[in-house]
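Chemist: Shown below is the structure under consideration.
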């Protein structure tokens, strides 16, 4: 697809018109008339000319008028599917190529199928178990239901892993998925301390406190404030300074395009010291690649802790499912979890013989990279015009300052093939070919992939069910985390306990079409897109307030725009 550039914006030139005063009539002997003295003027402050290029080298987008190509959100990967399959469909260029279609189908099968040698500790038995229809996971319907498509990250106050539980709570042992007794692998208080019986690590759950609020125009709203609680620790107590972060599995599509945005283009958007004084100080998450060992730009997961799709996929297989690969070779057992190590030693593949081959990993990587991106709604392709509601809502979105973080448009570079090798029908070969459908695309994901401080703080306490304080390892003494704002208190890499990567917004309006039970934000607290906006704080406080100051009709237009994405 060829990118259609806007015409270059012209600078408006102003001319100064001089007014000449005429003297009154009279003879030459009369004194000349002295013109009145003009009052002193305050010089106009210098203005910064509007940029003629954005971070991608394209003509900047206008807030008033969308360009027609915005409906092709994923460039050549764009799909016109608006049902429950909107996030799980292959682009036409993949479907029309027998070889590529075969790789996609094989990767899809692996993504959906429970695997052998899962665990010993895990969150789910297959990728589709978290990424429902390749979309978002869901918050359990009750506090007694285990988390099946969301998880809880853990860490100490300095960001280091808990010495017993590592960096993630895995609420199941493998027998929940390998036997007919699903409950047999759930956590049991101190059940694995003796090193002989293996149970899930702990049982996290969420309860909500309701917050009532109103807009300046008097319209009321209600928000759910999550309170995270953890019970039934199978391996003993957490560290005294433990922190928790509940996270719903995000949608899977579009990652192949985000991976190919040139790092230099993203770094142009960073302003860690807020040099322009706009209140936005996005900064890059620089991480160590598990593949190359080099420092690279983080792009994936909620705090941008992974630099590539491959590392994201391999990390999820390891941490969520308990599948080893050549990227992450260790089973998900800490040194303190003897029962986990004993079960791991009985798997069919141990030592250097990893659970998942490089070819299998490359197939799942390919599947994730080329999943199609839904087209924007609200655009009439016959007349090449946008609906007034979407156009007005888009203007409110731009004018409110939302695009300071949710950068609408990017371009991609040439997309290399997998570092694991070139997929063939039976093996991997050297010199992988570039992936054409991901290369040199103009895309509209609405993210800058940077970390932003969203404000807030957290406190972890020990409490009984009735809220009374406790401080023991007794079964009835729960861990409870309450947070203000969107903070989780968990440091991950470069990201602080109140920083989050700007999520891409493409597909936002189809999230609850793909899965009606899905909700929004990292922990699923927001039941609607509107609630998600109202939770914004920190660097996004001004943009949120601008949204709240809009009239009810204008807010509806802005939400219509977001639902068109």
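The values are calculated or read from the model by the stated rules, or taken from the named source; none is laboratory data. The structure displayed is predicted, hence computed values, not measured ones. Positions of Cβ are generated from backbone atoms using ideal geometry, with glycine treated the same way; all protein chains shown enter the neighbour counts.
Chemist: Give me the residue from the range 227-241 that is surrounded by fewer than 20 Cβ atoms within 10 Å (Cβ to Cβ) and in contact (Cβ under 8 Å) with a residue 40 or more places away in the chain and, out of that set, nearest to the chain's Cα centre (by Cα). Lay out the reasoning, then the answer.
Modeler: Going through the range 227-241, the residues surrounded by fewer than 20 Cβ atoms within 10 Å (Cβ to Cβ) turn out to be 227, 229, 231-232, 236-237, 239-241.
Imposing the further condition that a residue be in contact (Cβ under 8 Å) with a residue 40 or more places away in the chain reduces the set to 227, 229, 231-232, 236-237, 239, 241.
Details: 227: 22, 229: 24, 231: 28, 232: 30, 236: 33, 237: 31, 239: 28, 241: 27 Å.
Among those residues, the one meeting the criterion is 227.
Chemist: Could I ask something else about it? For residues in the range 290-303 being part of a loop (DSSP other than H, G, I, E, B) and out of contact with any helix residue (DSSP H, G or I) (no Cβ under 7 Å at 6 or more places or on another chain), which is farthest from residue 110 (Cα to Cα)? Quick ask: steps written out before the conclusion?
Modeler: Of all residues in the range 290-303, those part of a loop (DSSP other than H, G, I, E, B) come to 290-294, 298-299, 301-303.
If we keep only those that are out of contact with any helix residue (DSSP H, G or I) (no Cβ under 7 Å at 6 or more places or on another chain) too, we end up with 292-294, 298, 302-303.
Working: 292: 25, 293: 27, 294: 29, 298: 26, 302: 24, 303: 26 Å.
Per the criteria, the residue is 294.
Chemist: Please go through the range 430-444 and pick out each residue that is outside any loop (DSSP other than H, G, I, E, B) and free of Cβ contacts under 8 Å to residues at least 60 places away in the same chain.
Modeler: Initially, the range 430-444 is screened for residues outside any loop (DSSP other than H, G, I, E, B), giving 436-438, 442-443.
Passing the criteria: none in range.
Chemist: In the range 248-281, which residue that is touching a strand residue (DSSP E or B) at 6+ places or on another chain (Cβ under 6 Å) and outside any loop (DSSP other than H, G, I, E, B) is surrounded by the most Cβ atoms within 10 Å (Cβ to Cβ)?
Modeler: By that ranking, first place goes to 257.
Chemist: For residue 513, indicate whether it is farther than 24 Å from residue 220 by Cβ and part of a helix (DSSP H, G or I). Walk me through how you get there before you give the answer.
Modeler: Numbers: farther than 24 Å from residue 220 by Cβ: yes; part of a helix (DSSP H, G or I): yes.
Criteria met by residue 513.
Chemist: Restricting the range 533-555 to residues that are surrounded by fewer than 19 Cβ atoms within 10 Å (Cβ to Cβ) and free of Cβ contacts under 8 Å to residues at least 40 places away in the same chain, which is nearest to residue 142 (Cα to Cα)?
Modeler: 544
Chemist: Follow-up question, since we're still on this one. Mind checking which residues of the range 317-333 are over 13 Å from residue 167 (Cα atoms) and either in contact with a strand residue (DSSP E or B) (Cβ under 6 Å, 6 or more places away or on another chain) or outside any loop (DSSP other than H, G, I, E, B) (or both)?
Modeler: Of the residues in the range 317-333, the ones over 13 Å from residue 167 (Cα atoms) are 317, 321-331.
The answer is 317, 321, 322.
Chemist: Oh, and also: Can you give me the number of residues within the range 392-408 that are closer than 28 Å to residue 91 by Cβ and either surrounded by fewer than 19 Cβ atoms within 10 Å (Cβ to Cβ) or at pLDDT below 95 (or both)?
Modeler: Residues meeting the conditions: 1.
Chemist: For the range 334-355, name all the residues that are over 32 Å from the mean Cα position of the chain (by Cα) and not in a loop (DSSP other than H, G, I, E, B).
Modeler: Pass one, the range 334-355, residues over 32 Å from the mean Cα position of the chain (by Cα): 336, 338-339, 341-353.
Once the filter is applied, which keeps residues that are over 32 Å from the mean Cα position of the chain (by Cα) and not in a loop (DSSP other than H, G, I, E, B), the range 334-355 yields 338, 339, 341, 342, 343, 344.
Chemist: Here is a further query. Return only the number of the condition from (1) surrounded by 17 or more Cβ atoms within 10 Å (Cβ to Cβ); (2) modelled with pLDDT of 95 or more; (3) touching a strand residue (DSSP E or B) at 6+ places or on another chain (Cβ under 7 Å) that residue 469 does not satisfy.
Modeler: (1)
Chemist: Still on this model: Scan the range 480-497 and tell me whether some residue there is over 15 Å from the mean Cα position of the chain (by Cα), over 19 Å from residue 226 (Cα atoms), modelled with pLDDT under 95 and in a loop (DSSP other than H, G, I, E, B).
Modeler: yes
Chemist: Which of the residues spanning the range 127-155 are surrounded by fewer than 23 Cβ atoms within 10 Å (Cβ to Cβ) and in contact with a helix residue (DSSP H, G or I) (Cβ under 6 Å, 6 or more places away or on another chain)?
Modeler: The answer is 128, 133.
Chemist: List the number of the failed condition for residue 530; all other conditions in (1) more than 12 Å from residue 250 (Cα to Cα); (2) buried (at least 21 other Cβ atoms within 10 Å of the Cβ); (3) in contact with a helix residue (DSSP H, G or I) (Cβ under 7 Å, 6 or more places away or on another chain) hold.
Modeler: (2)
Chemist: Answer with yes or no whether residue 306 is without any contact (Cβ under 8 Å) to a residue 40 or more places away in the chain, within 25 Å of residue 77 (Cα to Cα) and in contact with a helix residue (DSSP H, G or I) (Cβ under 9 Å, 6 or more places away or on another chain). Break it down stepwise before answering.
Modeler: Details: without any contact (Cβ under 8 Å) to a residue 40 or more places away in the chain: yes; within 25 Å of residue 77 (Cα to Cα): yes; in contact with a helix residue (DSSP H, G or I) (Cβ under 9 Å, 6 or more places away or on another chain): yes.
It is true that residue 306 is without any contact (Cβ under 8 Å) to a residue 40 or more places away in the chain, within 25 Å of residue 77 (Cα to Cα) and in contact with a helix residue (DSSP H, G or I) (Cβ under 9 Å, 6 or more places away or on another chain).
Chemist: Only one residue in 213, 200, 195, 218 is in contact with a helix residue (DSSP H, G or I) (Cβ under 9 Å, 6 or more places away or on another chain), more than 21 Å from residue 141 (Cα to Cα) and in a loop (DSSP other than H, G, I, E, B), so which one is that?
Modeler: Details: 213 fails: in a loop (DSSP other than H, G, I, E, B); 200 fails: more than 21 Å from residue 141 (Cα to Cα); 218 fails: in contact with a helix residue (DSSP H, G or I) (Cβ under 9 Å, 6 or more places away or on another chain).
When all the criteria are applied, what remains is 195.
Chemist: On the basis of being assigned to a loop (DSSP other than H, G, I, E, B), out of contact with any helix residue (DSSP H, G or I) (no Cβ under 6 Å at 6 or more places or on another chain), modelled with pLDDT of 95 or more and more than 26 Å from residue 51 (Cα to Cα), does residue 225 make the cut?
Modeler: Numbers: assigned to a loop (DSSP other than H, G, I, E, B): no; out of contact with any helix residue (DSSP H, G or I) (no Cβ under 6 Å at 6 or more places or on another chain): yes; modelled with pLDDT of 95 or more: yes; more than 26 Å from residue 51 (Cα to Cα): yes.
It is false that residue 225 is assigned to a loop (DSSP other than H, G, I, E, B), out of contact with any helix residue (DSSP H, G or I) (no Cβ under 6 Å at 6 or more places or on another chain), modelled with pLDDT of 95 or more and more than 26 Å from residue 51 (Cα to Cα).
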